[in-house]
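**Q** Can you keep this structure in mind? I'll have questions shortly.
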Amino acid sequence: WRAGIRFRVRWPALPQEARAFFGNFGPAVVGSAGVQLALFADTMLVSFLAAGEPSSLYFADRINQLP
């Protein structure tokens, strides 16, 4: 700064395919986060139930994640 030299960051130009990918990436992340947040809320709620209920919720979630 003292010598009068300034740095400027230039982002590379992205191809149209990369722009389309990153444009679709945001909604996919939000959708995936919604599922994880719902599971977290379910885990918090089921922790107030009987002793075996959290494990049954865990196993049900694992079955849900099968391809």
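**Q** With a ≥ b ≥ c the root eigenvalues of the C-alpha gyration tensor of the stretch 1-43, is it rounded (a/c under 1.5), prolate (a/b larger than b/c) or oblate?
**A** Oblate is the answer for the stretch 1-43, as a/c is 1.5 or above yet b/c matches or exceeds a/b.
**Q** Could you identify which residue out of 15, 27, 54 has the top mean-square fluctuation in a GNM of the chain using Cα springs shorter than 10 Å?
**A** Fluctuation is largest for 15.
**Q** Give me the number: length gained by fully extending residue 44 to residue 13, i.e. 0.36 nm times residue separation minus the C-alpha to C-alpha distance, one decimal in nm.
**A** Gain on extension, residue 44 to residue 13, equals 6.7 nm.
**Q** Note the angle between two axes, namely the Cα long axis of helix 16-46 and the longest principal axis of the Cα atoms of the chain, as a number of degrees from 0 to 90, rounded to the nearest 10.
**A** 30
**Q** Within the stretch 1-55, list the trypsin sites (Lys or Arg not before Pro) lying in a DSSP loop whose Cβ has at most 15 other Cβ atoms in a 10 Å radius.
**A** Of the trypsin sites (Lys or Arg not before Pro), the ones in loops of the stretch 1-55 whose Cβ has at most 15 other Cβ atoms within 10 Å are 2, 6, 8, 10.
**Q** If you place +1 on the Cβ of every Lys and Arg, -1 on the Cβ of every Asp and Glu, and leave all else neutral, what size is the dipole of the chain about its Cα centre, to the nearest 20 Debye?
**A** The calculation lands at about 860 debye.
**Q** Return the whole-Å distance between the Cα centroid of the stretch 17-67 and the Cα centroid of the stretch 1-15.
**A** Measuring centre to centre over Cα atoms gives 41 Å.
Every number in this text was worked out from the coordinates using simple rules, so none of it is lab data. These figures come from a predicted structure and were not determined experimentally. Backbone-built Cβ (ideal geometry, glycine too); neighbour counts: all protein chains shown.
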